[in-house]
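Comments concern the structure below.
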Amino acid sequence: MAVLQVTSKQFKEKQKLFFDMADSGKQIVIKRGGKQAYTLTPVNDDDMYFTPEMTEKIKHSLQQAKEGKVTGVASIEELHNLLDSL
């Protein structure tokens with residue numbers, strides 16, 4: 001698949017065209033000056049992004065669960081007690 005490279009000025013002038021092209025699967029790269037480039041990618045409802053910090057917290061939590069370092073809650077009363085203790 002060919003990649004279409006456009007300048008930020010071209011993108012600004014014809015945004016709808018480039019959004020429509022990205023929606024149809026075309027890869028669009030927007031060059032800003034001579035130093036930086038960006039890709040135009042549609043975001044779906046299923047897409048979810050995590051920061052590196054959030055990814056590390058998730059990995060840490062998964063490791064704690066594997067080690068059994070979890071608190072089980074079997075009733076609403078236990079849940080309320082747990083939340084009150086935080």
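Odds and ends about this structure:
- Filter pass, residue 1 being outside any helix (DSSP H, G or I), open to solvent by 100 Å² or more (accessible area, probe 1.4 Å), touching a Gly at 6+ places or on another chain (Cβ under 8 Å) and modelled with pLDDT under 95: yes
- Test: residue in the range 59-78 that is touching a Ser or Thr at 6+ places or on another chain (Cβ under 8 Å) and not in a loop (DSSP other than H, G, I, E, B): no
- Close pairs (6 angstrom Cβ cut-off, 6 or more residues apart or separate chains): within 19 Å of residue 15 (Cα to Cα) and in a loop (DSSP other than H, G, I, E, B) in the range 35-57, open to solvent by 100 Å² or more (accessible area, probe 1.4 Å) and of a type outside the set (Ser, Thr, Tyr) anywhere: 42/23
The values are calculated or read from the model by the stated rules, or taken from the named source; none is laboratory data. Since the model is a prediction, treat every value here as computed from it, not as a measurement. Cβ atoms come from the backbone with ideal geometry, glycine included; neighbour counts cover every protein chain shown. Heads up: the accessible areas ignore ligands, DNA and RNA and are worked out on the full protein's heavy atoms, side chains in. Shrake-Rupley method; radii C 1.70, N 1.55, O 1.52, S 1.80 Å.
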